[in-house]
1. Testing the spin-label approximation: label points 7 Å from Cα along Cα→Cβ at B:Arg190 and A:Met20. State their distance in nm.
2. Just check chain A against the gyration tensor rule for me: Cα atoms, a ≥ b ≥ c as the square roots of the eigenvalues, rounded for a/c under 1.5, and otherwise prolate or oblate depending on whether a/b exceeds b/c.
3. Rounded to the nearest whole Å³, what is the per residue volume of the convex hull around the Cα atoms of the protein assembly as shown?
4. Calculated from DSSP H runs of 4 or more alone, at -39500 (n - 2.57) each and per residue, what is the 222 nm mean residue ellipticity of chain B, nearest 500?
5. How about the range B:188-254: which GluC sites (Glu not before Pro) there lie in a loop by DSSP and see at most 13 other Cβ atoms within 10 Å?
6. Summing +1 for each Lys or Arg and -1 for each Asp or Glu, what net charge is found among the other residues whose Cβ lies under 13 Å from the Cβ of B:Met262?
7. Report, as an integer, the average count of C-beta atoms from other chains found within 10 Å of each Cβ along A:305-315.
8. Multiplying the sequence separation of A:Val152 and A:Arg266 by 0.36 nm and subtracting their Cα-Cα distance, what value in nm do you get?
Amino acid sequence: MTTAEAKSAASRPLATSVSMRPAAFFVYAVLIAGVLAVALLATTVGAAGIPLPRLAAALGFNIANADPAMLARDELVLWSIRIPRIAIAGMIGGLLALSGAIMQGLFRNPLADPALVGVSSGGAFAAASAIVISDSAWGASFRFMQLELLPVAAFAGSLLTTTVLYKIASREGRTSVAIFLLAGLAIAAIANAGIGLLVFVADDRQLRDITFWLLGSLSGATWPKAGMVAPVALLALLAIPLIARGLDVLVLGEAEAFHTGIDVQRLKKISIVLISAMTGVAVSICGVVGFVGIVVPHLLRIVIGPGHRMLLPASVCLGAILLILADTIARVLAAPAEVPIGILTAALGAPFFLFILLRQRTLIGS
Amino acid sequence: MTSAPAIIEADAVCMKVRQATLLDNVSVQLRGGETVAIVGPNGAGKSTLLRLLSGDLRSTSGAVRLKGRDLTSYASRELANHRVMLSQHVNVSFPFTVEEIVAMGAGDRPRNAAASLVDAAIAELDLAPFRHRELPTLSGGEQQRAHFARVLVQLACGEADHGPGVLLLDEPTSSLDLRHQINLVETAKRRARSGTAVVAVLHDLNLAVRFADRIIVLRKGMVAADGNPTETITDKMISEVFEVETSIGSEGGQPYVLLQRMQ
């Protein structure tokens, strides 16, 4: 190419589609600062908030002239209520965003989200079944088991729905966007019908358990629950390097990923198990929370590009920020009562989803 | 014809899907340094043969051997070092830039190690103005060139470690303008000169003549002709296989085809 050609090419108006990616260090610095900032915000506002001046003392720093009674109360709120709740909100938000990003890569479709295409509902149906069946079979004496039973059941339900969805939507290595979304709609309808049936047959106590949990809330956050989520979150983080490059190349198509040297079957298996485990544990803690999985990766792709080596870890951070923020809003909006977080994320996320849909009309119409 | 051993060969391969026979007892041997065009009417089995050679599909019977070893014994990662393939339609729904797509050809090699190969492929295919553009915003032909550049990077990476490989191209010029059709053909021929076996499915017989030193004509899943352009591109062959009337001319010792009418 001559210099004249280069000049004319450079002067063409390309502003909308020329992409310069920001440096990784800068992105992670901003995101981690964001996580810390929202965590700080979440401790200071809402019912029983701990204002900044008292926070340092409650965190254990030796502060002069702290009121001992106030300090004891602050310490209790902070360590047994606030911090586990923030930790769980952060981890669940990270898992939801990560499972959305992985699912979008696996299905080569920016609109995929576990909550939207019935994977969360499948998990919720399995978990609701576990509530009713365990309660009917063993009665109240086994209620303590629900902490362990719910995630396992939800994981199994999510795994089944993801696998079925993949089998339906992909044919000869191509996945159809329309079939994928419609099949997801049908699967969600089936799972929701199942949940409806369970609600219908459940007795009063079971019904209270199911509805409380289905609405989705982090108000019951405890250290044991955080202990349930943490291993899955850790596992998911460790799995990111295993699948990131594969998901990049999978964007070209299954056959093309194979030509480039990717073991596509292995990549698909790891991705499906990861999506199911993350969705399952999220559903078992706070019910169906939608749209975090769509909104977060979409925003990040605009800024840092679609490469999964950076998109996946960044999604974890931004997902954490978003859900801690949403949970704080849920606590404050109608204080001292709490708005169910699933309703809040749907109310904010659904319009955003429509916005993406309009922007990408041409892509989806094909 | 050279007596060098074949880099890749199909040995009596048959491909049957339910009742339909897509390929029937096809044997071809491809040597390093050869440029081979596969031509034939729609449904003759051209793409099927290419996908068998790439390892995408497994034959119902017969075997494909790459560098003397059965193709099915290669792991996908190992295979990627010896054969590369450009598919006909690649649809990317995420905003990767041209540079990012081309760099995917380098696999998991460190970014610095492949940077010069990426630069070279981008320059060779006239893609410098589009380097930082997002692929989904480009025209079909520009996207096709980006994917060809990606495949060239993969080829160069594999050949650096393992010697000459196989370059498979499925209708690589389908969206290209004339200038870039010629550029693609010349680029592919340069690879053959350095020892690569280059195989392309082509529809345009004149382009096939310009590209290939050997043309394989497929018809109904069987090899109808296999030889140099003057042997294969004849009135008789074209009327039998393509069912059209043509007049064949000659220019600089190479045949050219003028379409007349349907039979």
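We did not get these values from a lab; they are worked out from the coordinates using the rules stated. Since the model is a prediction, treat every value here as computed from it, not as a measurement. Reconstructed Cβ throughout: ideal geometry from the backbone, glycine too, with neighbour counts over all protein chains shown.
1. The answer from the label model is 3.0 nm.
2. oblate
3. Taking only Cα atoms, the protein assembly as shown has a hull volume of 199 Å³ per residue.
4. The helix-only estimate for chain B comes to -10500 deg cm²/dmol at 222 nm.
5. In loop regions of the range B:188-254 (DSSP not H, G, I, E or B), the sparsely surrounded GluC sites (Glu not before Pro) are B:Glu243.
6. Summing Lys/Arg as +1 and Asp/Glu as -1 gives -1.
7. 2
8. Fully extending the segment from A:Val152 to A:Arg266 adds 38.8 nm.
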